[in-house]
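In what follows, a single structure is set out as structure tokens and then discussed.
The values are calculated or read from the model by the stated rules, or taken from the named source; none is laboratory data. Keep in mind that this is a model prediction, so the values were computed, not measured. Neighbour counts are summed over all protein chains in view; Cβ atoms, including those assigned to glycine, are modelled from backbone coordinates with ideal geometry.
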Amino acid sequence: MLPKTRGQAKEEGSRIYFTGKDCKRGHSQSRWTSSGGCMECVKDRRDKEKGEYLAELDDISIYIRRKKKENDEWLEFQKSYREKYPEKAAAIEALYNKNS
């Protein structure tokens, strides 16, 4: 049998307790002893935060793919420039190597 109050749950070392009362969102669920939060509310909040996190990851993934494409295009431009103007490319590379 679950404890009926948070205090009893703490005394007994129980992780959850059940008051029989609905939470402010209307859930009739057990509560966590550590926070006093309704288990259903905690689950809903976790699912919402997970969704926001995944959306953020998706945005980051799109950004990374776009930057990679831009970088690939830049590398292709550099390669074609070196092939088209080998003397200029050699001079630029020599200047770069001299300054590093």
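Find all pairs meeting these conditions: Cβ atoms under 6 angstrom apart; at least six residues apart or on different chains; first residue within segment 67-78 and touching a residue at least 40 places away in the same chain (Cβ under 8 Å); second residue exposed (fewer than 10 other Cβ atoms within 10 Å of the Cβ).
none
Which condition breaks for N97 when tested against (1) of a type outside the set (D, E, K, R); (2) exposed (fewer than 10 other Cβ atoms within 10 Å of the Cβ); (3) touching a helix residue (DSSP H, G or I) at 6+ places or on another chain (Cβ under 9 Å)?
With respect to (1) of a type outside the set (D, E, K, R); (2) exposed (fewer than 10 other Cβ atoms within 10 Å of the Cβ); (3) touching a helix residue (DSSP H, G or I) at 6+ places or on another chain (Cβ under 9 Å), N97 is out only on (3).
Those residues that are outside any helix (DSSP H, G or I) and at pLDDT below 90, I need them from segment 64-100; list them, please.
First, pick out the residues of segment 64-100 that are outside any helix (DSSP H, G or I): 85, 100.
S100 - this is the single residue of segment 64-100 that is outside any helix (DSSP H, G or I) and at pLDDT below 90.
Is there a residue being small (G, A, S), farther than 30 Å from Q8 by Cβ and out of contact with any Phe, Trp or Tyr (no Cβ under 7 Å at 6 or more places or on another chain) anywhere in segment 60-75? So that I can check it myself, show each step before the final result.
At the first step, the residues of segment 60-75 found to be small (G, A, S) are 61.
Add one more test, that the residue is farther than 30 Å from Q8 by Cβ, and what stays is 61.
Adding the requirement that they be out of contact with any Phe, Trp or Tyr (no Cβ under 7 Å at 6 or more places or on another chain) leaves 61.
Yes.
Among (1) surrounded by 13 or more Cβ atoms within 10 Å (Cβ to Cβ); (2) outside any helix (DSSP H, G or I), where does D22 come up short?
All conditions are met except number (1).
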